[in-house]
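Please treat every number below as a calculation from the coordinates, not as lab data. Just so you know, these numbers come straight off a predicted model, no measurement behind them.
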Amino acid sequence: MGRGRVELKKIENKINRQVTFAKRRNGLLKKAYELSVLCEAEVALIIFSTRGKLYEFSSTSNTLKTLERYQKCSYGTLEVKQSGRDTNEEKFYREYLKLKSKYESLQRYQRHLLGD
């Protein structure tokens with residue numbers, strides 16, 4: 001027998017919040033794994049705790065490849081929607097956003113490797 005709906009609001013008790021985070025994180029990681037196995041989907045899941053600890057799942061051997069694929073798809077659709085009359089400033093700004101995203105992704109990966 002299932003439980004009723006849970007009211008979505010911040011859990012004030014720190015211990016209960018931590019326990020809930022751990023349980024839901026594990027459930028989410030399990031669902032991501034199941035989706036990748038059952039549907040042969042390429043799945044990447046990144047979770048940061050309130051303390052900044054990284055938890056991740058990737059159905060491929062490299063999470064960065066999946067993230068790069070996501071960035072290409074999302075930026076690719078953005079560029080298709082843009083008109084052909086982009087100014088140099090707009091092009092530079094889009095390039096800046098791409099590089100910033102790549103930089104942040106590499107920083108997260110480095111922190112993960114260093115165990116921070």
Using the Cα gyration tensor of the chain, the equivalent ellipsoid's semi-axes, largest first and to the nearest Å, work out to 33, 18, 17
Length gained, Lys10-Phe48, 0.36 nm per residue minus C-alpha separation, equals 12.0 nm
The pairs in Lys72/Lys100; Lys14/Lys53; Lys23/Lys65; Lys10/Lys100; Lys65/Lys100 lying past 19 Å Cα-Cα in this model are Lys23/Lys65; Lys10/Lys100
With -39,500 (n - 2.57) per DSSP H segment of 4 or more residues and division by the full residue count of the chain, the 222 nm estimate, nearest 500 deg cm²/dmol, is -22000 deg cm²/dmol
To the nearest 10 degrees, the tilt of helix 63-81 (Cα long axis) against the first principal axis of the alpha carbons of the chain is 50
Cα-based Rg and Dmax for segment 1-59, in Å, come out at 13.8, 39
